[in-house]
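Read-outs: derived from the displayed coordinates by stated rules, not from any lab. Bear in mind the structure is a predicted one, so any value in this text is a computation, not a measurement. Reconstructed Cβ throughout: ideal geometry from the backbone, glycine too, with neighbour counts over all protein chains shown.
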Amino acid sequence: MNSRLAAAAALLALLSSPALAQRPDASTVVVAFGTDAQTLEPAEMNSRDTMNIADHIFGSLYEIGDDGHLSPYFADSFSENTDGTEIAFKLHPGLTCHDGSPLTAEDVAFTFDRARDPANKFTGSTPGFVLTSLGFKGTRVIDPLTVGIELNAYNPIALGLITEVKIVCKAPYTKMSRVQATQTPVGTGPYRFVEWVKSDRIVLEKQPGFTLRHAFFDRIVWRVIPEASTRAAELMAGNVDVITSVAPDQIDTVNHSANAKVQAVSGTRRMYVGVQMKPIFSTPGGIAVRKDDVRRALQYAIDVPTICEQLLRTSCQRATDLVNPPLGNPDIKPYPYDPAAAEKMLDAAGYPRGANGVRFELTLQAASGRYLNDHDVVLAIAQYLSDVGVKTNVEFMDWASVFLPLTRRHEAGPLFFLGTGGGTWNPLYDMADFADVSSVTNTPSWSDPDWFSLWPEANRKQPEVDRQKVVNRMLQVFHDKGPWLELYFQPDFYGVSNRLAWQARRDERINLVGATLK
Amino acid sequence: MIAYLIRRLLQGGLVVLGVTVVTFLALHLGGDPTYLYVSERASAGDIAAARAALGFDQPLSVQYLRFLAGLLHGDLGTSLTYKTGAMGVVMGFFPATIELTLSAMLLAVGLSIPLGVLAALHRGTPLDGGIMVLALVGQSVPSFWMGIMFILFFGLGLQWLPMSGHVPVLAPLLAGDVGQAVRNLPQAALHLILPAVTIAFFSLARNSRLVRSSMLEVLEQDYVRTARAKGLRESRVVIGHALRNAWLPVVTMIGLEFGFLLGGVVVVETIFAWPGVGRMVFNAINQRDIPLVQAAVVTLSGVFVGLNLLVDLLYAWLDPRVRLA
């Protein structure tokens, strides 16, 4: 009898032990997200989730602030030479690497040169997008606190691109093996790396002596919880402070809980239906949608606000062109939902309804599960187009093996549903998807001369006010004749603990340095 | 016996090799995975450079031969996702899955045998009906739903048990840190309860039905009647005579089930954020991380082949009429 009582008491003690309550203490903030980090080597990173963690471990010369604008970080200032082919950054004095060594211009130069070195075979976004888009030529150490970044030609979005390059220190990174660099990074930012338990958690601790930013929390724990319902349950129980990608059908549940609320932000990801302009689809529909007036008619056929309200559970920021607001052309208004106008325009374009009520048929290709409620959104779009006589058949494909390669090879279509990340700091960054006809990001193979002839003018070194005028002209061209049926900027839903003072950003970045307890 | 073992091991090696060929071809049939490992804004030149760096610019035959050469040296390549040795990554995930699978198996076997025997001994009674209804529910309710219900009820509602995550015991044990393993044990047990019960429920249901039908068959045999006629106690008849002979199909099922569970617990590992090998393989397939999938396949098929062999040996031990030749 006594042993039974003892066992029951032990069980009760275990069940009520403080260790069971997994609530973070006042000095720790816990974030739960869906997928594990890929690597903690800055030159190998491609995913936003991984970069969000790395942004706390490493710093950059300039950064994109919480307001979406560029601001100084490791560099106090910069200056350009007369033709804009070299940007000299003046580093903030007194910076140190996490191994204790001083951070100098040598380290910055090493970071850029190391990422670019083909011998390293890095495949991350820094060597595989940033440096090539930058037109990176080389580096020059001007003095211990001044480094020059040399470019092949003037680049109006160079500063923004440079924010993506995370600075590493030469001393530790020349000693570390490749595996050590991916698993146990030696950082330069406000938090230092402590532990990575794969598919479970990454733990960071405040770096003593880092004075550029004041971090409130001593520890940040990034937990990997793949299932959205489990993430939401952990948030509502008070075990995590921030969760990403709250499913729309769980928003009300979280909002009604005692511990958390959902923050909805209009993200920077541009959602659209791409129209293949390359003459590879010879069906009547494939030919019809290459005409500007037909595409314009289809814009009126889709009820975007209703799609947002009903399927995404929020009122979206409508897209009027391809640039994130407020950087776009303020005079352009979104296409209204007006199916009668769409039908009239299609009649006028020479595509009347046939005896069966169909004007022409189209295939809308998409991958399911990639974007917020994309499956239902695609079906709704197809139905809206079918309602105006454009019979639209949906073809769902595997993202990795079929859809992504098709879009990258410019062979998707005639219609395809896609979302492309954008920025908040310069319209040219968003417009660069259509920097030239053959660029990989020009998935619809658009070649309109009115658009492409304006690029040299837009890229010229000039005051930003003048550049914006050219940009506005280009965006009007895109609105009138572009290869996208413009939909919305994807809303992002974050679940945030009531104890936390933190504001979600538009650009999918999670910056916890400024987060505090309420 | 030795000759049998050698022959089976050689056959097992061929099976593993065959599995790698099929996996390799299946993964490459989906096209070039390079697109998943470059920025969405990468240029054609960037993509070509990445393709060369990842080795996907080589003909398939060359890529497979490189893989085989690596396999012979115990090097299964570098994970495209984690940028580190693929075999090391797989081995890192294995202990968590073994902890989960073993716990679930112990729970399922420990309960299914007495339940199956009870149901067989009380055939046609409400007790038998009740156990069979439980078995039906266990096999009918999808594990993802049951897992989420457990989380909401025991985790969020009652707050009795952790809803997600893993506290390791086996990993520190394998690393020689016995103290850490012991310290982790109470929390590890608490974290294990919900996922292990979720997995065990399905196996429990299936195995109890299997034990019941096997026992019913054996209980009709002449030697059971003889044992009872000799005046043996019922418990001796059931455990010593009937159950021992009813074991064979159950042992086969348990052995194979363990192999399946090692790679097939992906749903439960996902729901409970359990950092196991099933979830890892699922993500690797989605990410087309070919070296990682290959390393996992080699390991899992090796375990599967080993378990099959073990089951055959166990068969011979349990039933002396079975001859291994």
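Neighbours of A:Val402 by Cβ distance under 13 Å: Lys/Arg scored +1, Asp/Glu scored -1, total 0.
Once the Cβ-Cβ distance of A:His256 and B:Tyr223 is raised to the sixth power relative to R0 = 56 Å, the FRET efficiency obtained is 0.30.
Applied to region B:181-189, the Karplus parametrisation 6.51 cos²θ - 1.76 cosθ + 1.60 on θ = phi - 60° returns per-residue 3J(HN,Hα) values of 4, 5, 4, 6, 3, x, 5, 4, 4 Hz, with x for Gly and Pro. Largest first, the three principal axis extents of the alpha carbons in region B:93-318 are 61, 43, 37 Å in whole numbers. The overall shape of region A:192-256, judged from the alpha-carbon gyration tensor, is prolate: a/c is not under 1.5, and a/b is greater than b/c. Every Cα-Cα pair in region B:2-72 was counted, and those over 14 Å apart are 69% of them.
Could you work out how far the C-alpha centroid of region A:228-295 sits from that of region B:207-243, in angstrom? Comparing the Cα centres of region A:228-295 and region B:207-243, I get a distance of 60 Å. Listed values for region B:119-128 are Karplus-derived 3J(HN,Hα) couplings in whole Hz (6.51 cos²θ - 1.76 cosθ + 1.60, θ = phi - 60°), namely 4, 5, 5, 10, 3, x, 8, x, 4, 4, and x replaces Gly and Pro. The helix-only estimate of mean residue ellipticity at 222 nm for chain A, built from DSSP H runs of length n ≥ 4 each weighted as -39500 (n - 2.57), is -8000 deg cm²/dmol after division by the residue total. For chain A, relative contact order (Cα pairs under 8 Å, six or more residues apart, normalised by length) works out to 19 percent. Cys residues of the protein assembly as shown that find no other Cys beta carbon under 4.7 Å: none at all.
Here region A:366-518 is described by how far its Cα atoms reach on the three principal axes: 53, 46, 31 Å, from widest to narrowest.
Taking the Cα centre of chain A as reference, the dipole from Cβ charges on Lys and Arg (+1) and Asp and Glu (-1) amounts to some 600 debye.
Eigen-decomposition of the gyration tensor built on the alpha-carbon atoms of the protein assembly as shown gives equivalent ellipsoid semi-axes of 53, 34, 28 angstrom, largest listed first. In this Cβ point-charge picture (+1 for Lys and Arg, -1 for Asp and Glu), region A:331-414 has a dipole of about 160 debye about its Cα centre.
For region A:68-119, the square roots a ≥ b ≥ c of the C-alpha gyration tensor eigenvalues yield an a/c of 1.5 or more together with a/b not exceeding b/c, which makes the shape oblate. Fewest neighbouring Cβ atoms within 10 Å first, the residues A:Thr35, B:Thr97 line up as A:Thr35, B:Thr97.
The fewest-to-most ranking of B:His122, B:His166 by surrounding Cβ atoms within 10 Å reads B:His122, B:His166. Among rounded, prolate and oblate, which fits region A:326-409 when a ≥ b ≥ c are the square roots of the eigenvalues of its C-alpha gyration tensor, a/c under 1.5 means rounded, and a/b larger than b/c means prolate? Oblate.
Taking Cα atoms only, the orientation of helix B:60-72 departs from the longest principal axis of chain B by about 60 degrees.
Centroid-to-centroid, using Cα positions, region A:61-137 and region A:356-372 are 43 Å apart. Taking one quarter of the surface of the convex hull spanned by the alpha-carbon atoms of region B:73-221 gives a direction-averaged projected area of 13.5 nm².
Seen against the Cα atoms of chain B and their longest principal axis, helix B:277-286 is set at about 40 degrees.
Annotation: the residues A:Tyr488, A:Tyr335, sorted from fewest to most other C-beta atoms within 10 Å of their own C-beta, follow the order A:Tyr335, A:Tyr488. For region A:426-434, the Karplus equation 6.51 cos²θ - 1.76 cosθ + 1.60, evaluated at θ = phi - 60°, returns couplings of 6, x, 5, 4, 5, 6, 5, 4, 10 Hz by residue, with Gly and Pro reported as x.
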